[in-house]
1. Can you name the condition, by its number, that B:Pro93 falls short on among (1) touching a strand residue (DSSP E or B) at 6+ places or on another chain (Cβ under 8 Å); (2) in the same structural domain as B:Val34 (by TED's automatic domain parsing)?
2. Only residues in region B:79-94 that are within 19 Å of B:Arg157 (Cα to Cα) and within 8 Å of chain A (Cβ to nearest Cβ) count as the first member; pair them with residues that are crowded, with 17+ Cβ neighbours inside 10 Å and of a type in the set (Asp, Glu), Cβ under 6 angstrom, at least 6 apart or cross-chain, and list the lot.
3. In region A:5-94, which helices (runs of 4 or more DSSP H) lie fully inside it and hold 2 or more residues that are in contact with a helix residue (DSSP H, G or I) (Cβ under 6 Å, 6 or more places away or on another chain) and buried (at least 21 other Cβ atoms within 10 Å of the Cβ)?
4. Those residues that are in a helix (DSSP H, G or I) and surrounded by fewer than 14 Cβ atoms within 10 Å (Cβ to Cβ), I need them from region A:114-160; list them, please.
5. Please verify whether region B:98-114 includes one or more residues that are away from chain A (no Cβ under 13 Å), over 27 Å from A:Gly33 (Cα atoms), in a loop (DSSP other than H, G, I, E, B) and not acidic (Asp, Glu).
6. Only residues in region A:1-28 that are acidic (Asp, Glu) count as the first member; pair them with residues that are surrounded by fewer than 24 Cβ atoms within 10 Å (Cβ to Cβ) and not in a helix (DSSP H, G or I), Cβ under 6 angstrom, at least 6 apart or cross-chain, and list the lot.
7. How many residues, within region B:168-199, are within 16 Å of the chain's Cα centre (by Cα), under 20 Å from B:Gly39 (Cα atoms) and at pLDDT below 95?
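The values are calculated or read from the model by the stated rules, or taken from the named source; none is laboratory data. Everything numeric here is computed off the predicted structure, so don't read it as measured data. As a convention, Cβ positions derive from the backbone with ideal geometry for all residues, glycine included, and neighbour counts pool all protein chains shown.
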Amino acid sequence: MLTPDILAAAVVNGLTTGAVYALIAVGLTLVYGVLHIVNFAHGAILAAAMFAAYFAFQYGVDPYVALAPLAVVFFGLGYAAQRLVIGPASHGEDRNVLLVTLGLSIVIENLLLAAFSSDTRSINTTYGFATIRLGPLFVSLPKAIGFGVSCAVGMTLWALLNYTDIGKAIRAVAKERMGARLVGIDPPHVFAVTFGLSAACLAIAACVLLPVYYVDPRVGEAYVLIAFTIVVLGGMGSIAGAMVGGLLIGVVESLSGLLLGDSLGQLGIYLIFILVLLLRPRGLFGATA
Amino acid sequence: MAETLLSVRGLHAGYHDLKVLRGVDLDIAEGAVVAVLGGNGAGKTTLNKTLSGLLRPESGEIVFDGRRIDGESAAAIVSVGLIHVPEGRKLYPDMSVRENLELGAYKRGRPARARTLEHVLAVFPRLRERLSQRAGTLSGGEQQMVAIGRGLMGQPRLLILDEPSLGLAPRLVDEMFELIRRLNRDGTTILLVEQNVMQSLEIADIAHVMEHGALTLSGPARMLAEDSALAKAYLGM
Ligand SMILES: Nc1ncnc2c1ncn2[C@@H]1O[C@H](COP(=O)(O)OP(=O)(O)OP(=O)(O)O)[C@@H](O)[C@H]1O
Ligand SMILES: [Mg+2]
């Protein structure tokens, strides 16, 4: 029987999953919007971050405690990767950037495989199965935390882009590189900050995912496929689009899982995807010009 | 005689295999309006880009305010007060007029920004009511005001204006030249690149004609304006 409570539970569950999808998609869309490339290393960085959180836990550091330091570390790693490897190796050609990120993803994935094998791992926390009560519904505590953290990060990123100097510099470089250089903005620095922010979002996503999901060296692939769908759905380069698109995809996945069964659940995502693109080819929040 | 603010010697620059500037020598005195005129493709914009550090010179020397700046980054050059308002404006179309203007002060301290913005809005009162409008939706004339306003936000000591009257209606062209005169009166040294020969010669102190990447004719602007034979030969008038 489909009672309103069951439907509501599926929607809430979808929102909590979708918020983390959004967090993963936000970095992808940010890098696309500013560097005009799809970062093929996105999934590998997520997997690396999940392993980092996993080992932090083995040394007694809870993922929620590791979240802030790992975000800082991954910001630094992302900054350095863009500034020292991806940028210089691509000689200013967008096409090369694409190939370099593809190469980077292969390197990261194989390093993870060599170091940790393809075993699936997960952590046991005291709160892994805890729930909180929301009216008539029970929501998984770690998923509720993931929802809250993801929304907070999304809003922080939005505020950063709109109200800080570096955020405005990022938006300026995204649309008008020469105009940005004319006021003294240094595009290589801006690209590296953008890449760093994207990696920091992945580190945060990794920390909220780990209490509820497993990790293996290929775990990023599944998420990135969904994240890419969200980026296109929301409008390539749009932060708001990625946030709304992520929540939407989470709910659609959850509802179609409920209505069509688990094996067909993913089908709903692609039906919505095709439908939205038929009606709005540039995505929900894509530029119309 | 006023101090020399900018001094260029033997400047060569270009794009990959294409040589554009072939030995440019140029001096600009503090407080002057200097015009560089010349036909399409002569290398005027390339000169501006090289002065502002967008393009690395192949050889030659650029001294600004007693300091070598050739080979410095564009950001460092903006910091010392050499500001380039480009041909084609290069605004950030999705950002508001206010954000476009404020980014002009990116290399300046925050405290100075509000004051500089007030100054720019006094120069361009029409922009005040458009502060929250997206720059990409402004008219061409308004966009040119934002482009120059953004340049002024950088507190220029030398302001390079590359074809500021391009695409403006005749009445606005007159206003633009009046504005340049006013900015100069207020103390800004100006390097003006223009296709609008007569009006440029009227407001400039010194004028140069650029041909094939070199300055082939230089002199007081008034003399160039009066010498109709020269004007015909060099400027196609
Ligand atoms: N980015 C570029 N890459 C390659 N060649 C360029 C580039 N920009 C300009 N050129 C070439 O350099 C030469 C000089 O161009 P430049 O833009 O400096 O001329 P200009 O005097 O400003 O002309 P106009 O009056 O049309 O603006 C031209 O032959 C042009 O084709
Ligand atoms: Mg030009």
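1. Failing condition for B:Pro93: (2).
2. B:Pro86/B:Asp162
3. Values: elements: A:42-58, A:63-80, A:87-90.
Passing ranges, in order: A:42-58, A:63-80.
4. Let us first name the residues in region A:114-160 that are in a helix (DSSP H, G or I), namely A:114-116, A:141-160.
Residues satisfying the conditions are A:Ala114, A:Ala115, A:Gly148, A:Ala152, A:Met155, A:Thr156, A:Ala159.
5. Keep residues of region B:98-114 that are away from chain A (no Cβ under 13 Å), which gives B:111-112, B:114.
Still in the list and also over 27 Å from A:Gly33 (Cα atoms): B:111-112, B:114.
This time we only want the ones that are in a loop (DSSP other than H, G, I, E, B), so: none.
No, every residue in region B:98-114 fails to be away from chain A (no Cβ under 13 Å), over 27 Å from A:Gly33 (Cα atoms), in a loop (DSSP other than H, G, I, E, B) and not acidic (Asp, Glu).
6. A:Asp5/A:Pro136
7. 6
Conditions (1) in a helix (DSSP H, G or I); (2) more than 14 Å from A:Val20 (Cα to Cα); (3) more than 14 Å from every other protein chain (Cβ to nearest Cβ), marked per residue:
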{"position": "A:Gly179", "(1), (2), (3)": "yes, yes, no"}
{"position": "A:Gly184", "(1), (2), (3)": "no, yes, no"}
{"position": "A:Pro188", "(1), (2), (3)": "yes, yes, no"}
{"position": "A:Phe191", "(1), (2), (3)": "yes, yes, yes"}
{"position": "A:Gly196", "(1), (2), (3)": "yes, yes, yes"}
{"position": "A:Ala200", "(1), (2), (3)": "yes, no, yes"}
{"position": "A:Ile204", "(1), (2), (3)": "yes, no, yes"}
{"position": "A:Val208", "(1), (2), (3)": "yes, no, yes"}
{"position": "A:Tyr213", "(1), (2), (3)": "no, no, yes"}
